[in-house]
Amino acid sequence: MRLTRYFLPVLKETPAEAQIVSHRLMLRAGMIKQSSAGIYSWLPLGFKVLRRIEQIVHEEQIRAGHIPMLMPTLQPADLWRESGRYDDYGQEMLRISDRHGRDMLYGPTNEELITDIFRSHVGSYKDLPLTLYHIQWKFRDEIRPRFGVMRGREFLMKDGYNFDIDQDAALHAYNRHLVSYLRSYERMGLQAIPMRADGGPIGGDYTHEFLVLAETGESEVFYDSEITDLKFGDRAVDYDSVAECQAVLEEFTSRYARTDETHDLSVFEAQVPEARRRSARGIEVGQIFYFGTKYSEAMGASVVTPDGGRVPVHMGSHGIGVSRLLGAIIEASHDEKGIIWPEGVTPFHCGIVNLKQGDGAADAACDSLYAALTANGLEPLYDDRSERAGAKFATMDLIGLPWRITVGPRGLEKGVVELTSRRTGESEEMTPEAAVARLVQIYAAHR
Ligand code: 5CA
């Protein structure tokens with residue numbers, strides 16, 4: 001993409017309404033625009049990152065054997081009356097009535113809708129196990145929407161639902177989700193720690209939240225510092241293996257790590273030596289739940305068993321805060337100049353800065369770099385504006401592309417361009433071909 005043909009409305013001033021750095025940077029980098037409290041338009045740069053995050057979530061869910069689909073945002077109130085949550089959900093639910101006076105709502109989550117789909121089409125143990133998921137907009141009429149996309153009213157969530165014959169099978173589904181979430185967050189350059197949490201309005205008492213440690217996080221958390229040394233890394237896990245998934249769960253959840261709702265000081269002190277006890281703040285980027293037959297019993301979702309009996313299915317639901325993740329990633333990865341995107345989610349793979357727009361040699365070198373990067377499957381953002389170098393660098397630093405290639409007449413005389421890392425600030429001179437080869441190699445690790 002050439003910057004002169006793109007839509008990147010960066011702001012010079014720091015917006016006064018933004019209280020935390022990720023919100024400020026998303027506004028300044030022209031990624032989002034608020035349309036009303038807690039509701040945002042996703043401008044092209046923000047939309048690109050949102051899509052990258054969605055893509056990672058899809059790939060990892062499909063790898064785990066979960067099946068993508070799409071349910072609507074508007075739901076009939078009657079389904080929620082069946083589960084008993086229509087009244088329980090309270091003021092966070094946006095209630096709407098259509099022209100016929102039928103009660104509708106903008107879905108805050110989808111347990112009822114998916115259970116209705118299940119009971120309409122599945123009736124036998126032979127069709128289990130089954131996990132369906134979608135990535136869809138949700139609405140929760142939060143009393144205090146704040147921090148930009150972190151606590152929105154309209155937000156994008158991946159929500160998945162497992163249907164299993166019994167508790168053991170459902171716990172395997174729970175473990176599969178835990179593994180797939182660890183993989184997903186690491187691909188986004190994040191460490192998200194599973195912590196024992198509270199079921200809240202979804203229900204169930206077996207649940208973990210995934211937290212990214214950050215001072216601006218809304219949750220208070222307590223944990224054993226050893227847990228921050230755990231890495232999922234590049235290991236291969238067989239999602240069909242009960243033992244392998246269980247082993248990952250044990251490795252990542254055996255140490256003390258809880259949100260304030262489930263924190264127990266006496267257990268904390270008994271289990272964790274004082275030097276390793278930590279309390280901090282965290283951003284909740286996902287949550288997994290096992291709630292057994294809560295919805296299947298209330299809504300009559302059952303299957304025939306091998307011996308001809310009938311049992312309600314065991315279920316769980318599993319969410320990732322897709323739009324919140326943009327804020328979480330920026331909170332975890334920025335400096336005073338702007339965002340620093342991890343390679344896995346960056347909106348463009350690299351920037352090209354032409355130091356002397358209009359100079360024949362510099363323009364030609366930028367064009368050929370652009371073509372070479374594109375031919376190798378990389379997407380550059382070429383700053384082809386007639387601006388001074390300082391302004392171009394400032395824009396690149398603000399929007400946070402992890403790599404920048406700087407092209408100028410002086411370097412070209414020696415046959416070189418400069419490749420700069422946004423994270424370390426280090427630059428290296430090399431031929432344009434070598435710069436392309438280096439980027440291809442770097443991004444090969446992030447496919
Ligand atoms: N049905 C379950 C799992 S599918 C569910 O709704 N879980 S949840 O309530 O924990 O939401 C899942 C994730 O969505 C949260 O972990 C959080 O990352 C994100 N989320 C929740 N509320 C908001 C909000 N107001 N703004 C942005 N993201 C949110």
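General remarks:
- Expressed per residue, the C-alpha convex hull volume of the stretch 42-89 stands at 135 Å³.
- The trypsin sites (Lys or Arg not before Pro) of the stretch 48-136 meeting both criteria, a DSSP state outside H, G, I, E and B (loop) and at most 15 other C-beta atoms within 10 angstrom of the site's C-beta, are 99, 102.
- Average accessible area per residue (Å²) across the chain - probe 1.4 Å, nucleic acids and ligands excluded: 44
- Taking 7 Å steps out from each Cα toward its Cβ at residue 356 and residue 270 produces label points 7.4 nm apart.
- Accessible area of the chain belonging to carbon and sulfur atoms, whole % at 1.4 Å probe: 49
- In the chain, the DSSP-assigned H stretches of four residues or longer account for a calculated mean residue ellipticity at 222 nm of -10500 deg cm²/dmol, using -39500 (n - 2.57) per stretch and the full residue count as denominator.
- Under-5 Å amide H pairs with residue 105, H placed in peptide plane, nonlocal only: 75, 77, 96
- About the Cα centre, charge dipole magnitude for the chain (Lys/Arg +1, Asp/Glu -1 at Cβ), debye: 1480
- Sites listed here are GluC sites (Glu not before Pro) in the stretch 1-104 whose DSSP assignment is loop and whose Cβ has at most 11 other Cβ atoms within 10 Å: 13, 17.
- Ranked by solvent-accessible area (1.4 Å probe, protein heavy atoms only, all chains present), the residues 426, 220, 112 order from largest to smallest as 426, 220, 112.
- Convex hull of the stretch 330-438 built on C-alpha atoms - directionally averaged projected area, nm²: 6.4
- Centre separation in Å (Cα based) which lies between the stretch 192-250 and the stretch 256-277: 15
- In percent, rounded to a whole number, the relative contact order of the chain is 16, using alpha-carbon pairs under 8 Å and six or more apart.
- Summary of packing: across the peptides 224-232, 193-201, the per-residue average of other C-beta atoms within 10 Å ranks them, highest first, as 193-201, 224-232.
- A convex hull fitted around the alpha carbon atoms of the stretch 3-338 yields 165 Å³ per residue.
The values are calculated or read from the model by the stated rules, or taken from the named source; none is laboratory data. Because the structure is a prediction, the values reported are computed rather than measured. For neighbour counting, all protein chains shown are included, and Cβ atoms are generated from backbone atoms with ideal geometry for every residue, glycine included. Ligands, DNA and RNA are excluded from the accessible area calculation, which covers all protein heavy atoms including side chains. Shrake-Rupley method; radii C 1.70, N 1.55, O 1.52, S 1.80 Å.
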